[in-house]
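Only one structure is covered here, and it is reproduced in the block below.
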Amino acid sequence: MGLIRAQINRIARALMFIRVCYILVIIVCASILFPVIGLAQVSSESLLRYYGFRVYTVKLEVPALGVDPLTDVKKTMSLSYHRSFSAQDIIKGERKILAATKSVDLAGLTSRLDQIDAAYKDVIEGDRYTLAYTPGVGTTLLLNDVALVTIPGADFARAYYAMWLGAENPISSGLRERLLEGIGVRA
């Protein structure tokens, strides 16, 4: 009886070891494959303040930790507003930032900037604009999860996202640093 019990214990330990190994293999495969097939995402969030007032909270999502969001990769940036702004105020701010960014070719972007600007609507507290870039498709502007326009071009996405994430002239260098550090990119 004791011999049978010892064999059952050995078999139970072997089965437990096999289960643990199986789970580890699944975890390793998932960590390798999910970023490749787009199932894993890394996100970072930060609040933009202007003279102490809460303006909006930015959430940035990229496919994997350490991925530079200014490269040609799928990415999403959501701005959840804490106060109301007119579409004209948003457009004015956008144009001011882009004009001050020397690395941006405004002449090459003018028609596409006009397209996205025409889609902007006034926002109130609680509204959320989302910029969703998909390589080969373009940058889609959404308001409260409703698509307003899709603008083609990786160059457009790079210039537009650079307003928050670019080194040259971001809306807020502190916001930029917090967002990039949150996704594992050195600011």
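No value in this document is a laboratory result; all are computed from the given coordinates. Being a predicted model, the structure only gives us computed values, none of them experimental. Because the Cβ atoms are built from the backbone with ideal geometry, glycine has one as well, and the counts that use them run over all protein chains shown.
Details
- The lysines whose alpha-carbon is closer than 17 Å to the alpha-carbon of LYS59, local same-chain residues fewer than 8 away aside, are LYS74, LYS75.
- Difference of contour (0.36 nm per residue) and Cα-Cα distance, TYR51 to SER173: 42.5 nm
- Here the residues ARG178, ARG186, ranked from fewest to most Cβ neighbours within 10 Å of their Cβ, fall in the order ARG186, ARG178.
- Using a Förster distance of 41 Å, the FRET efficiency for ASP122-ARG13 (Cβ separation, nearest 0.05): 0.05
- Compactness of segment 41-182 was expressed as the Cα radius of gyration divided by 2.2 N^0.38 Å, which yields 0.96.
- Once the Cα-Cα distance is subtracted from the 0.36 nm per residue extended length, the ILE4 to ASN144 segment shows a gain of 43.9 nm.
- Under Stokes-Einstein, with the Kirkwood radius over Cα pairs as Rh, the value for segment 49-112 at 37 °C and 0.692 mPa s is 229 µm²/s.
- When the inverse distances between all different Cα atoms of segment 120-187 are averaged and flipped, the Kirkwood radius reads 13.2 angstrom.
- For LYS92, a cut-off of 17 angstrom between C-alpha atoms picks up these aspartates and glutamates, skipping any fewer than 8 places away in its own chain: ASP114, ASP117, ASP122.
- Fewest-first ranking of TYR129, TYR160, using other Cβ atoms within 10 Å as the exposure measure: TYR129, TYR160
- The loop-placed chymotrypsin sites (Phe, Trp or Tyr not before Pro) in segment 41-76, going by DSSP, that have at most 15 neighbouring Cβ atoms within 10 Å of their Cβ come out as TYR51.
- Here segment 41-182 is treated with +1 on each Lys and Arg Cβ and -1 on each Asp and Glu Cβ, and its dipole about the Cα centre works out to around 220 debye.
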